[in-house]
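Input: a single structure, listed below in structure tokens.
The values are calculated or read from the model by the stated rules, or taken from the named source; none is laboratory data. Treat the numbers as computed from the prediction; the structure is a model and nothing was measured. Note that we place each Cβ from the backbone using ideal geometry, even for glycine, and neighbour counts take in every protein chain shown. Accessible surface areas use protein heavy atoms only, side chains included; no ligands, DNA or RNA. Shrake-Rupley method; radii C 1.70, N 1.55, O 1.52, S 1.80 Å.
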Amino acid sequence: MTDINLDDLTHLQAINKKLTSGYHISEQNTLMWQELDQHIDAYRALFNALGHDLQHDSRGFYYFGSDESTPNMGKISRAIALTIYILIEHYANTGKDPMRALFDEVNDLELMQTLVQINKHLFDQLEIFSGSDLRKDVYLRMVRLGLAREVENGFMLQAPIYRYIDALMEVNEETYLGDDE
């Protein structure tokens with residue numbers, strides 16, 4: 001059993017609030033991330049006792065794992081996954097390294113409008129009809145979940161986006177393997 005000294009966990013309240021809301025704490029959240037990194041065993045034991053599964057992804061972020069999904073979260077997750085997939089495709093089609101561009105490029109309103117126009121049939125299903133809708137319904141949610149951060153001219157994606165990339169790769173692999181049977 002791990003000994004937990006609550007005096008050492010100086011950001012416990014803030015970390016708990018963020019993680020229970022679905023937020024991903026990444027290296028950009030310097031103080032919380034450093035504390036989690038330094039006291040990972042204590043935090044894991046504490047959160048486990050509270051019924052949470054603290055996950056650490058080696059690509060630089062922490063989150064609560066969950067097997068549960070609400071219908072609303074399903075819609076949000078689908079919208080985020082679709083946006084990430086379309087961004088990767090967009091960057092590849094414009095001759096950029098998609099993985100580098102995903103994290104290096106600012107996603108501004110003009111790009112959002114372009115993505116919605118080019119993929120209208122897909123975004124219509126999620127009731128996203130404009131770049132402004134995409135900003136409000138997807139990007140601002142990504143900020144609230146720690147998947148992106150708002151910058152002067154738009155949004156920058158952060159490391160927790162890898163959770164969606166991993167899921168997209170898994171679906172792609174399953175689809176590809178399913179074709180051979």
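Ranked by the mean number of other Cβ atoms within 10 Å of their residues, highest first, the peptides 58-64, 166-172, 35-41, 22-28 come out as 22-28, 58-64, 35-41, 166-172.
When Rg is the radius of gyration of the Cα atoms in the range 94-181 and Rh is its Kirkwood radius, what does Rg/Rh come to?
Rg/Rh: 1.01.
Summarising the label geometry, the points placed 7 Å from Cα in the beta-carbon direction at residue 141 and residue 153 lie 2.7 nm from one another. With all protein chains in place and a 1.4 Å probe, the accessible surface of the chain carries 47 percent carbon and sulfur. Placing +1 on each Lys and Arg Cβ and -1 on each Asp and Glu Cβ, with no other charges, gives the range 93-181 a dipole about its Cα centre of roughly 540 debye.
Distance between the pseudo-spin-label points of residue 88 and residue 40 (7 Å out from Cα toward the beta carbon): 2.5 nm. Rg/Rh for the range 1-122 stands at 1.08; both radii use Cα atoms, and Rh follows the Kirkwood definition. Simple rule: put +1 on each Lys or Arg Cβ and -1 on each Asp or Glu Cβ in the range 32-162, find the dipole, and look at 157, 46, 56; the Cα lying farthest toward the positive end is 157. Amide H contacts for residue 155 (H built 1.01 Å from N in the peptide plane; partners 5 or more residues away or on another chain; cut-off under 5 Å): 107, 108. Only the Cβ atoms of Lys and Arg (+1) and of Asp and Glu (-1) were treated as charged; on that basis the dipole of the chain about its Cα centre amounts to roughly 680 debye. Any chance you could give the angle, 0 to 90 degrees and rounded to 10, that helix 71-93 forms with the longest Cα principal axis of the chain? That helix lies at roughly 60 degrees to the long axis. Most tightly packed first, judged by the mean number of other beta-carbon atoms within 10 Å of their residues, the peptides 134-142, 102-110 read 134-142, 102-110.
Could you tell me which of 22, 34, 6 has its Cα farthest along the dipole of the range 5-53 towards the positive end, charges placed at Cβ (Lys, Arg +1; Asp, Glu -1), taken about the Cα centre? So the residue we want is 22. Fully extending the segment from residue 170 to residue 20 would add 51.4 nm, taking 0.36 nm per residue of separation and subtracting the current Cα-Cα distance.
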